[in-house]
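Just so it is clear, none of the values below were taken in a lab; they were calculated from the coordinates. All figures in this text were calculated on a predicted structure; none of them were measured in a lab. Note: ideal-geometry Cβ built from the backbone for every residue, glycine included; neighbour counts use all protein chains shown.
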Amino acid sequence: MAKPLLYKPPPRWQFWAALGGAVLIEAASVVIAGIKHEPPAVDLSQIPTATVEATLQPEDQPTPPPEDIPIQEPPPIPDVAPEFHEEKPPPPKTNRPTGPVKAPQGVTGTMSITGAKAVAIFAPKPEYPYEARSRHQTGSGVALLSVDTASGNVTDVSMAQSIGSPILDQSTMSAFRRWRFAPGKCAPKVKVPITYTMTGASY
């Protein structure tokens, strides 16, 4: 009778031999993968070469300066004729006396109010003072004016006849001191009768 077949494991050296071969194959594959593959060298001898020729152009020649153009001399300046000045005739001589003006012949003594008004150049009228009006003061009098015949100015005034009111006398003399007459045309004395009413002064 035949003996049954029994499984016999392979010897141990085969197992380790197979394991060692697998490890070597794995290691070899890792080393081969880590090696850098350098590209093959390029053959430059087959590349055609080109020659570039550069031509330098000559620099621009400087522009020659323009020829000097002769400048014509300006025409001579004409002689300027002197301006015409119109000669004015001298002012006519006046035969005015240099000394003080004397009163004309015939104007002497005392002049009336009618003649004085004819030669008067400034003759303000006496005012009727409010104080005299409020007191109803009226009356008539005669003022005597002393005149400088050369200038026509009144130098003094007095009352030859009082009006009867000091207020009215003072107003009369104050007004007549401002009178002015034409030089040389008034007598040295002028009499002026004056009357005051409630409406004012009159002469």
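In plain terms, the chain from residue 29 to residue 130 could stretch by 21.3 nm, reckoned as 0.36 nm per residue minus the Cα-Cα distance.
Taking the Cα centre of the stretch 110-202 as origin, sum charge times position over the Cβ atoms of Lys and Arg (+1) and Asp and Glu (-1), and report the length of that vector in debye to the nearest 20. Around 220 debye, computed over the stretch 110-202. Selection among 155, 134, 166 by position relative to the dipole of the stretch 110-202 gives 155 as farthest towards the positive end (Cβ unit charges, Cα centre). Pairs of C-alpha atoms in the stretch 110-202 farther apart than 16 Å represent 49 percent of all such pairs. Paramagnetic label reach from residue 121 (point 7 Å along Cα→Cβ; backbone nitrogen cut-off under 18 Å): within the stretch 149-163, residues 149-156.
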